[in-house]
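Report on the following structure.
The values are calculated or read from the model by the stated rules, or taken from the named source; none is laboratory data. Predicted model only: the values in this text are computed from it and were never measured. So basically every Cβ, Gly included, is an ideal-geometry build from the backbone, and we count neighbours across all protein chains shown. We work out accessible area using only protein heavy atoms, side chains counted, and drop any ligands, DNA or RNA first. Shrake-Rupley method; radii C 1.70, N 1.55, O 1.52, S 1.80 Å.
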Amino acid sequence: QVQLVESGGGLVQPGGSLRLSCAASGTIFRFNVMGWYRQAPGKQRDVVATITSGGTTNYADAVKGRFTISRDNAKNTMYLQMNSLEPEHSGVYYCLIKNWRLTYWGQGTQVTVSS
């Protein structure tokens, strides 16, 4: 199975930036969809951004213009660049990779936006 290791989370002030990374133990080219999800306390896990193997991206309305998702197949790594962060962006961020048959989740990394 593929292991996903996330990094880059932490505490940041409003208006600041963070870059999350999701490194896979194996090749990711065969996974046609990768994405980032956020879960706040007492809330469901909601999609933040996705990217296909062809480079097509989609974003939740709340993060359009602020976040950028990307993938580097050579490094087996996916990224989420988060700019202009606000408290409502806080939560546990999970990375996901999937194809028609398999789905893998990372362990999650905490992002807290607070002054």
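For the reader, a short list of remarks on this structure follows.
- For region 83-115, a residue qualifies if it is in contact with a Ser or Thr (Cβ under 9 Å, 6 or more places away or on another chain) and farther than 25 Å from Phe29 by Cβ, and the qualifying residues are Asn83, Ser84, Leu85, Pro87, Ser90, Gly91, Val92, Gln110, Val111, Thr112, Val113, Ser114.
- Selection within region 77-97 - over 12 Å from Leu20 (Cβ atoms), hydroxyl-bearing (Ser, Thr, Tyr) and open to solvent by less than 10 Å² (accessible area, probe 1.4 Å): none
- Looking across region 28-67, the residues that are open to solvent by less than 60 Å² (accessible area, probe 1.4 Å) and part of a loop (DSSP other than H, G, I, E, B) come down to Ile28, Phe31, Ala40, Gly55, Ala60.
- Note on region 83-115: residues that are free of Cβ contacts under 8 Å to residues at least 40 places away in the same chain and of a type in the set (Asp, Glu) total 1.
- Of all the numbered requirements in (1) over 13 Å from the mean Cα position of the chain (by Cα); (2) without any contact (Cβ under 8 Å) to a residue 24 or more places away in the chain, Asn73 misses one, and that requirement is (2).
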